[in-house]
Amino acid sequence: MRRKHWLSAIFPAIAFCFSACTVGSDDLPNSNDGPTGKATAALELFPTPPTIDYPAPGGDSVALTTTTIDSFLNYVVRASATQQADIVDKVYAARCTPTGTCPILDALVARLNDTTKTDVTLTYACLTVIGELGDARAITPLYDFATQPIPPPPEQEYEDHGEITSAAIAEMLEARAAEALGFIATTDALNAVLTLATTHSSFAVRAAAADAYVYNSPNEASARTTLDTALSGTNKKLAWRFDKSPTMTELEFATKHGDYDSRYPFTPPPPIVNANDPPITPSVPEPVADPSPPFKCPPNTVCRLQ
């Protein structure tokens, strides 16, 4: 099993949130192009635009307990690269036993329902921590979160795409919920991830779920085959996508690249042409005359270069 480490993805996404998570006019197209999910109520995001915080990296270490949820999540989003190992240790130390109740999980799920309406960054971090607890009792809340319908696309597109839409944020968070399900890595959790990869309405979420299924399954090759069988149409590509891990050799990378290219050769898109424009004809450069006359040896002279 070759898992993508959760911290490798959380910091770029948090940076994205800090720069783009003011939700105002819905001005970007949605990427929903697949089957419809089961839930009926749309994911509610930000009744009012949230306050954007630009925290300095770093901070004091915080233990994860039922009374330190907010402090720990803020520690996660502010952590520097040197504190990643400490965060992982704190999450693992908070894991519950398989039987009985899990108060820390219950507290995180309750906090998740609150942060969704107020803070994208903390929501993303909360989803990650819930998944990293590796508790099978988190399967239902994570799946329910990931299957909330994406808000509808905007009715009008604008030239200025400076603000991100509720639909785009919902896709990002539901994709993270699918990845968090993969972190649990039990048979039930992976089956839920497979369901998301094949039925979710958003291509972005289906793609994230497909990656989570492949990289958290005990056998990558078998997982790709199962995913390929379950997917249909152009979505089958999701079963054969790959990334270059730090331990992958150049030969392994070339082999995976060649396998993907043989299945799905790259076809460049046709040029965008306005119907009113004249046909495009290739331009042929005019021949350029040599500005200097041909060399001639003067009479009665031996010219070695002639």
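Tabulated data
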| quantity | calculated |
| --- | --- |
| Only one of R95, R137 that is outside any helix (DSSP H, G or I) and either touching a Gly at 6+ places or on another chain (Cβ under 7 Å) or within 17 Å of L181 (Cα to Cα) (or both) | R95 |
| Qualifying residues in segment 57-80 (those that are free of Cβ contacts under 8 Å to residues at least 40 places away in the same chain and in a helix (DSSP H, G or I)) - the one surrounded by the fewest Cβ atoms within 10 Å (Cβ to Cβ) | S71 |
| Count of segment 248-267 residues which are surrounded by fewer than 14 Cβ atoms within 10 Å (Cβ to Cβ), in a loop (DSSP other than H, G, I, E, B) and free of Cβ contacts under 8 Å to residues at least 12 places away in the same chain | 4 |
| Per-region count, segment 139-160, residues more than 21 Å from the chain's Cα centre (by Cα) and at pLDDT 95 or above | 1 |
| Hits in segment 83-126 - residues which are within 16 Å of T68 (Cα to Cα) and under 19 Å from the mean Cα position of the chain (by Cα) | L122, T123, A125, C126 |
| Residue in segment 231-247 that is acidic (D, E), at pLDDT 80 or above and on the phi < 0 side of the Ramachandran plot present | no |
| Search result, residues across segment 98-107 that are part of a helix (DSSP H, G or I) and surrounded by 13 or more Cβ atoms within 10 Å (Cβ to Cβ) | I104, L105, D106, A107 |
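The values are calculated or read from the model by the stated rules, or taken from the named source; none is laboratory data. Since the model is a prediction, treat every value here as computed from it, not as a measurement. No Cβ is skipped: glycine too gets one built from the backbone with ideal geometry, and neighbour counts run over all protein chains shown.
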